[in-house]
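These notes concern the structure reproduced below.
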Amino acid sequence: MGLNECTLVELTEKLRIGEITTSDIIRDIESAITQDEGNKYPLNAYTSFDIESIEKEIKSQNKKEDTLLKGVPIAIKDIINVMDTPTTCGSGILKDYISPYDATAIKNLRKNGGVPAGKLNMDEFAMGSSNENSYFGVVRNPHDRKKIPGGSSGGAAAAVSANLAVAALASDTGGSIRQPASMCGIFGIKPTYGRVSRFGLIAYASSFDQIGPITNTVMDGAILLDAVSGYDPKDSTSANEKVPCFRDFVGKGLGGLRIGIPEEYFGEGLNSEVRDIVERGIKILSEANASVKRIALKYTRYAIACYYIIATAEASSNLARFDGIRYGTRFVDTEDLETLYRENRNIGFGDEVKRRILLGTFALSSGYYDAYYLKAQRARTLIREDFKEAFREVDIIVTPVSPIAAWDIGELIDDPLQMYLSDVYTVPVNLAGLPAASVPCGKTKDRLPVGVQLIADHFNEADIFRVARIIEEGEKGAE
Amino acid sequence: MSFEAVIGLEIHIQLNTQTKTFCSCSTSFGDKPNSHTCPVCLGLPGALPVFNEQALNKGIMAGLALKCEVAEFSIFARKNYFYPDLPKSYQISQYESPLNKGGYVLINDDEGKKRKVGITRAHLEEDAGKLIHDENPKGPSFVDFNRCGVPLLEIVTEPDIRTPDEAYRFLQAIKEMMQYTEVSECNMEKGELRVDVNISMRNFGDQGFGVKQEIKNMNSFANVKRALEYEVKRQTKILRSGQKLIQQTRLFDVSKSATVPMRMKEEAHDYRYFPDPDLVPVTLTHDQIERIQNSLPELPQNKRERLKKQYNLTDYDVEVLCSSHKLANYFEAAANGYKSPKKIANWILSELIRVLNERRIEIDDCKVTPTKLRDLFDLMDSKVISGKIAKAVFDDMVESGQSASEIVEKKGLKQVTDRAEIVKVIVETIEENEKVVRDYRDGKKKVFGFLVGKVMQKTHGKASPKLVNEILREKLES
């Protein structure tokens, strides 16, 4: 078994006793990547994996203290700034951009002995649910290379799932960690909004974006989240909340835990195979002594509209800085300022990004602001209240992650509305700023993985880890 | 038909904080381009703003000085537009919930009557960078981001101003207030205070508004006044001729002392304001606001009234003394406990202001401290030196920074009060000026001054003028 196939728990132990070094792990990862590149349909999970710069990272790693991660290499979604490495956001406009600073999450990762190693492919600026919107090409699903890996963190999910990375840091704005984790059969958690600093995470939609881990196991997810969480004075929206030791909750029993099943998440549009798998997850939990209760989240049906108004509004402003003037690629040589803006952005951005910038610009325009942006903000409050109400009665809400398993590459690319609708179960969580994870729970008859979504109240990731571990164990038992 | 002007102002004031509004870069002016920048103020991907508390406190202080209501809840909004000096392509400003609103400033109208100019709002925002264009119009343009992110207070007035002179006085009042509260130095040359004006004309007595013109690019209060005077004439002429005005943005052209239409594409700006999701709302407690209210220094209006009464000064004295709180404070420090403060005021208004102007220095940089000035007065009062010598000593003090007594001692400027010595010089003078003395004795009394002058000349100005007068008269009459 290659070191690239080991869990963080195994690797940190081997590193601790000196059996292996970080370079050994990198060597195995590199050979796995090389092998994958020889495949007829390479996964295309990385935007860059530069051995030279990784060696530099290894040399400068924190060896002074006994750290949590002890030198484990962590692959980074290419939306998080890592100093002196390309940070492209999967976009043509940033294809040549080298970041001059570290995101706070990366600083925390380094402090805890993690070694940033490689940048992962993604939908351009995290806009997409299929990883077909990258300047660097589509990413494929390791479980079926004709299928999408999910998005926007498709590179992260595919890499971890295929052992081209031992673990990854990604970001989730409307499901971008959970949905690809579900489709690639691995664990992914989006923490509470404010839990991990957004400083250095390139913004798609500021009031939704959150960094989180994508890992092979629940325990690995807890370890990696432990390594990056915490208050950051450089992020005004970062939460000054105590961070519990998440790995302590992995393996704790469920005695007395209350599970909520919202009927709105099991209605029309949910694929029956997916439904069966999620219900199997619920059964595992009830067998583990959790009480199960039906609940209502009555404003769920407004979530997609609400999300695609607010997120695109924020995006239209967040992405305005990409003009090719100060940094990034300048595609045109002109003396006319307006032409410079228009052409740089026209050539630099892909179709989906342009579509969302237009949507958001429209939603904020004078005369439409009240009808769209303001109304969506009101709906957002209602959705938040909905969850607040629910968490008076239950500790964890269990739902599907995606209404369908991974679809064919190209299947929905010309039907953006259908693509947006596939985010129906993940976006309410971001609207409310709640923590939620996807845990693998089984496979369809086509051997496509399906995850179950676990949603907790603000800052209660601990319960997610308890529950996730029970499903992980139960699911392994079933296999 | 007679018209009246309706004028409103938009004033941008740079708050003199140590660091920028949303990052820890220095706000220092005039340094090497782009030497005070970081990922935040350069708008690099992923960087986030964190609000500077000093900017908040100065913003509140300014709001209170403008008699505004300070909001316990205000929010930052993004103003979206593209320009190369704006690295994020949006400016963080305040829109729907500004920090301060609903204040006023008292000014004198052209008849000298008190009049209120309403302050609509005074909100916080960040400054943009600065474009530097090559001399060659085909050449490149550069951007200096040192100014980018420096905190600004934008003050918007109600359309309450009626004449160019009122506008001038209003600006003077705002500047004084911002200086008194130490919110800004308001140095227009450094761009610390910038003014745009809106002006329209209407029939005298009307309540409605005419078609407004926005005027930009005035780099001094005097030019604001000139631009407004020009506009009043221009608009009146157009209206008199029965023509209609179109709404325009105009630039003040100093060389022509006129306003000219700004060449720009006439398109409606839609800034698409929305609350900045990267920042949390600014919440203030009543106590916080009250603490700042209590630390508010005496404002110009009050200071003028108090100084006038307390030190028995004229309107003119306090007008000039209080035009700068530093000058006013200097006066008080020097006059404190002195028997005739008016003399000190006169000295400051003539001698001190003269040397400040000559040397182009600020009062802070003047080596003659209030205590040192008092020493000089003590020397005059105790007749050690005459008033005339005092002026020379003062110039020396400004130059060398030495005390008055040191200079008098060193240069031997002590007033000659030795009667015998003065008598000797007078006798000499009388002998040397026989003709003049004869004239005097023949009744041409006005030559007396000439003889006094001769005596003073011989004593290098050190003789006590009182004694010289006394003895000379005695000798001539005898």
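Per-atom-type breakdown for the protein assembly as shown gives carbon and sulfur 49% of the accessible area (1.4 Å probe, protein chains only).
Using the Cβ-Cβ distance between A:Asn271 and A:Arg301 with R0 = 30 Å, the FRET efficiency computed as 1/(1 + (r/R0)^6) comes to roughly 0.95. In the range B:81-106, the residues whose accessible area drops by at least 50 square angstrom when the other protein chains are added to the isolated chain are B:Phe82, B:Pro84; the probe is 1.4 Å and only protein heavy atoms count.
The simple spin-label model puts a point 7 Å past each Cα toward its Cβ; for B:Asp270 and A:Leu382 those points are separated by 2.6 nm. In the range A:66-110, burial by the other protein chains removes 50 Å² or more of accessible area from A:Tyr101, compared with the chain on its own (1.4 Å probe, ligands and nucleic acids ignored). When you restrict to C-alpha pairs under 8 Å that are six or more residues apart and normalise by the size of chain A, the relative contact order lands at 17 percent. Under a 5 Å amide H cut-off, with hydrogens placed 1.01 Å from N, B:Phe142 pairs with B:Ile132, B:His133, B:Asp134 among residues at least 5 apart or on other chains.
Short-range pairs are left out: with C-alpha atoms under 8 Å and at least six residues apart, the relative contact order of the range B:297-411 is 20 percent. Measuring between alpha carbons in the structure, the pairs from B:Lys138/B:Lys190; B:Lys225/B:Lys343; B:Lys114/B:Lys175; B:Lys383/B:Lys475 lying more than 25 angstrom apart are B:Lys138/B:Lys190; B:Lys225/B:Lys343.
Shown in residue order for the range A:447-452 are the 3J(HN,Hα) couplings computed by the Karplus curve 6.51 cos²θ - 1.76 cosθ + 1.60 at θ = phi - 60°: 6, 9, x, 9, x, 10 Hz (x for Gly and Pro). Taking the Cα centre of the range B:297-411 as reference, the dipole from Cβ charges on Lys and Arg (+1) and Asp and Glu (-1) amounts to some 300 debye. Spacing of the modelled spin labels on B:Arg359 and B:Phe450, each 7 Å from Cα toward Cβ, amounts to 3.9 nm. Accessible surface computed residue by residue for the protein assembly as shown, with neighbouring protein chains in place and a 1.4 Å probe, gives 43 Å² per residue.
Rounded to the nearest 0.05, the FRET efficiency derived from the C-beta distance between B:Lys410 and A:Asp96 at R0 = 60 Å is 0.30.
Once you reduce the range A:191-221 and the range A:123-177 to the center of their Cα atoms, the two points are 15 Å from each other.
Projecting the Cα positions of B:Gln14, B:Leu48, A:Leu448 onto the charge dipole of the protein assembly as shown (unit charges on Cβ atoms of Lys, Arg, Asp and Glu, taken about the Cα centre) puts B:Gln14 furthest along the positive direction. What FRET efficiency comes out for the pair A:Lys242/B:Lys326, r = Cβ-Cβ distance, R0 = 60 Å, nearest 0.05? It comes to 0.75. Under 11 Å from a label point set 7 Å out along the Cα-to-Cβ vector of B:Thr236, the amide N atoms of the range B:155-191 belong to B:164. Phi angles across the range A:254-261 convert, under the Karplus curve 6.51 cos²θ - 1.76 cosθ + 1.60 with θ = phi - 60°, into 3J(HN,Hα) values of 9, x, x, 5, 9, 9, x, 10 Hz, Gly and Pro given as x.
Taking only the alpha carbons of the protein assembly as shown, we obtain Rg and Dmax values of 38.0, 138 Å in that order.
Solvent-accessible area lost on pairing A with B (1.4 Å probe, both sides summed) amounts to about 2800 Å². With the cut-off at under 18 Å, measuring from each backbone N in the range A:91-107 to a point 7 Å along the Cα-to-Cβ line of B:Ser24 picks out A:101-107. Take the Kirkwood radius over Cα pairs of chain A, plug it into Stokes-Einstein at 20 °C and 1.002 mPa s, and you get 97 µm²/s for translational diffusion.
Residue order by solvent-accessible surface for A:His143, B:His286 is B:His286, A:His143, largest first, with ligands and nucleic acids left out and a 1.4 Å probe. Most simply put, chain A has about 70% antiparallel DSSP beta bridges, counting only bridges with both residues inside it. Of the listed residues B:Glu298, A:Glu5, the order by accessible area with a 1.4 Å probe, largest first, is A:Glu5, B:Glu298. The largest accessible area among A:Thr339, A:Thr426 belongs to the first residue in A:Thr339, A:Thr426, and the rest follow in falling order (1.4 Å probe, all chains). Here is the result for the range B:1-105: no trypsin sites (Lys or Arg not before Pro) lie in DSSP coil with at most 12 other C-beta atoms within 10 angstrom of their C-beta. The distance separating the Cα centre of the range B:236-257 from that of the range B:128-149 comes to 30 Å. Our summary gives the range A:390-466 a relative contact order of 38 percent, counting only alpha carbon pairs under 8 angstrom and 6 or more residues apart. Less than 5 angstrom separates the built amide H of A:Gly442 from those of A:Val450, all sequence-distant by 5 or more or on a different chain.
Proximity of backbone amide H atoms, modeled 1.01 Å from N, is registered between A:Val72 and A:Val115 at under 5 Å, excluding neighbours fewer than 5 places apart on the same chain.
The charge dipole of chain B, taken about its Cα centre with unit charges on the Cβ of Lys, Arg, Asp and Glu (plus for the first two, minus for the last two), comes to roughly 1620 debye. Dividing the summed helix terms, -39500 (n - 2.57) for each DSSP H run of n ≥ 4, by the number of residues in chain B produces a 222 nm estimate of -11500 deg cm²/dmol to the nearest 500. Rounded to the nearest Hz, the phi-derived 3J(HN,Hα) couplings of the range B:454-461 under the Karplus curve 6.51 cos²θ - 1.76 cosθ + 1.60 (θ = phi - 60°) are 4, 4, 4, 4, 4, 9, 6, x, where x marks glycine and proline.
The values are calculated or read from the model by the stated rules, or taken from the named source; none is laboratory data. Computed from a predicted model, the values in this text were never measured in an experiment. Ideal geometry is used to build each Cβ from the backbone, glycine not excepted, and the neighbour counts take in all protein chains shown. Ligands, DNA and RNA are excluded from the accessible area calculation, which covers all protein heavy atoms including side chains. Shrake-Rupley method; radii C 1.70, N 1.55, O 1.52, S 1.80 Å.
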